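Structure first, commentary second.
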Amino acid sequence: MTTDDSSLDAPALPSGTRKRDTFFSLWMPAGASGLANGMIAPVLPALARSFDVSIGYASLVFVLQMAGSAVGTLPTGYMIDKFGRRSVLFLGPLITAGAAFMTAFAGSFNEVLFWRFVAGWGQQMWALSRLTVIADGSNSQRGRQVTSMLSAQRTGTLLGPAIGGFVAVAWGLEWPFVIQAVVLLVGVLPSVLVIQDSPRRQSATGEPEAKLTWRTFLVSPIPAVFSAQFLVNIARGGVENGGVLFLYGAYAYDAGPASLGVLSSVMAGAGIPIALVSGYVMDTHGRKWAIVPGTVVLAAALLFMAATSFASLPYSGFIAAFVLTHIGVSLMLGSWQTVGTDVAPPMGRGTFFGVSRLVSHTGRLSSPGSFALLSEFATFGAAFTFLAMASIASGGLVFFFIKETLGLRTQEPTASISIAKPHDRPS
């Protein structure tokens, strides 16, 4: 017998209690994570320069962090299913904080790179465990939970660079990393006290539930979801937070870092309410109502950006395309994580999210690489057109081949653990 998981949440808690627990378990750690990462963003180049390394070698501080995050996907998913959500949820920020502290006192640039790799892995542990916690809860609230979490994280990211830059100038390059470690630990501790782990699941016969097998990933709609997820990350992976748009603006329009930075910050701030509205739409009307329009807007923006190259449009055209691109990205902020929480197999959600994040990272890493090749051997316009086609293909897969996942029924009941206490959950 199938049961809608939204009816299987823990008994309703008072509104004030729900808001308090959501703040401590979701918004506070996400905001702290964004603030901590934002603090060190402007400091990393200066730290690399202090070791007197080349710009190509210095760029590895960002590459190694992304590599650690990608490599950590599958092991982290296994750990979540094996040892529980709560332990990994705390261990991730603890590892990231430790890596930040060790970075502050690294004696060589190679040490810095090692700890950046470790930090990326730790950040992945928190992200995956938090998504799994959301997936264990109500289907009808996942869109708002994911988008509010990412919006809180983005808010912290906007505030962090100014704080980190000031601290580095006033006290030294090592202090932003020390403060990063403290902020991460303070931000995550309340969530560990609030979140309770999932009970061991049993089948209808009372036997332990069957384990996840790789064959499960071939069951519809998972292959289509992964394919669309890969394509959309090719489209948006290189343009999020500026990305290759900065490169194009600098080379094609001689735009300076100040103007590009202000433009990016303004759009990042404006994208927060767009993402929150998108989360509400996903929970009230359906996930497709955010994803399909988002892919269409992003594709149109990228084609507009291609037109600025093909038709040699003025800088105002670049700004308009830049704004439209970020609107498309903001419309989809958290949407794919939300779909993942809907379709993740209950018997192995951690492993599922490990694979899902690996697919996302592969697409994300492919984005700047494909853009670089096409812009080098063809034109900027051809590169942006390729990204636009990836977005259109992703939206087409969602529209034609993936059924709406809002209210998707599951084979076994799941207990909500995002805000429920042990005595609140059904035995």
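Structure values in brief
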{"item": "Residues of the range 106-125 classified as buried (at least 23 other Cβ atoms within 10 Å of the Cβ) and outside any helix (DSSP H, G or I), total", "result": "0"}
{"item": "Among (1) free of Cβ contacts under 8 Å to residues at least 24 places away in the same chain; (2) among the β-branched types (Val, Ile, Thr); (3) crowded, with 22+ Cβ neighbours inside 10 Å, the one test that Thr308 misses", "result": "(1)"}
{"item": "Qualifying residue in the range 75-93 (condition: assigned by TED's automatic domain parsing to the domain that holds Val112, assigned to a helix (DSSP H, G or I), more than 24 Å from Gly137 (Cβ to Cβ) and more than 20 Å from the chain's Cα centre (by Cα))", "result": "no"}
{"item": "Cβ-Cβ under 6 Å pairs, at least 6 apart or on other chains, the range 106-119 side closer than 13 Å to Tyr57 by Cα, far side at pLDDT below 90 and part of a helix (DSSP H, G or I)", "result": "Leu113/Leu60; Leu113/Leu64"}
{"item": "Some residue of the range 319-328 being in the same structural domain as Ser265 (by TED's automatic domain parsing) and outside any helix (DSSP H, G or I)", "result": "no"}
{"item": "So Leu193, is it farther than 29 Å from Val329 by Cα, assigned to a helix (DSSP H, G or I), out of contact with any Cys (no Cβ under 6 Å at 6 or more places or on another chain) and at pLDDT below 80", "result": "yes"}
{"item": "Which listed residue, of Ser330, Ser316, is surrounded by 17 or more Cβ atoms within 10 Å (Cβ to Cβ) and of a type in the set (Gly, Ala, Ser)", "result": "Ser330"}
{"item": "Pairs with Cβ under 9 Å, 6+ apart, first in the range 267-280 and farther than 13 Å from Leu150 by Cα, second surrounded by fewer than 20 Cβ atoms within 10 Å (Cβ to Cβ)", "result": "Met267/Val323; Met267/Ile327; Ala270/Val323; Ala270/Ile327"}
{"item": "Subset of the range 1-52 that is modelled with pLDDT of 80 or more and outside any helix (DSSP H, G or I) - its residue that is surrounded by the most Cβ atoms within 10 Å (Cβ to Cβ)", "result": "Phe51"}
{"item": "The listed residue being in contact (Cβ under 8 Å) with a residue 40 or more places away in the chain and surrounded by fewer than 21 Cβ atoms within 10 Å (Cβ to Cβ), out of Leu89, Leu94, Leu128", "result": "Leu94"}
{"item": "Qualifying positions in the range 231-241 - of a type outside the set (Val, Ile, Thr) and either within 17 Å of Thr385 (Cβ to Cβ) or surrounded by 22 or more Cβ atoms within 10 Å (Cβ to Cβ) (or both)", "result": "Leu231, Asn233, Ala235, Arg236, Gly237, Gly238"}
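The values are calculated or read from the model by the stated rules, or taken from the named source; none is laboratory data. Just so it is clear, the structure is predicted and the values come from calculations on it, not from any experiment. In this analysis, Cβ positions are derived from the backbone assuming ideal geometry, glycine residues included, and neighbour counts consider all displayed protein chains.
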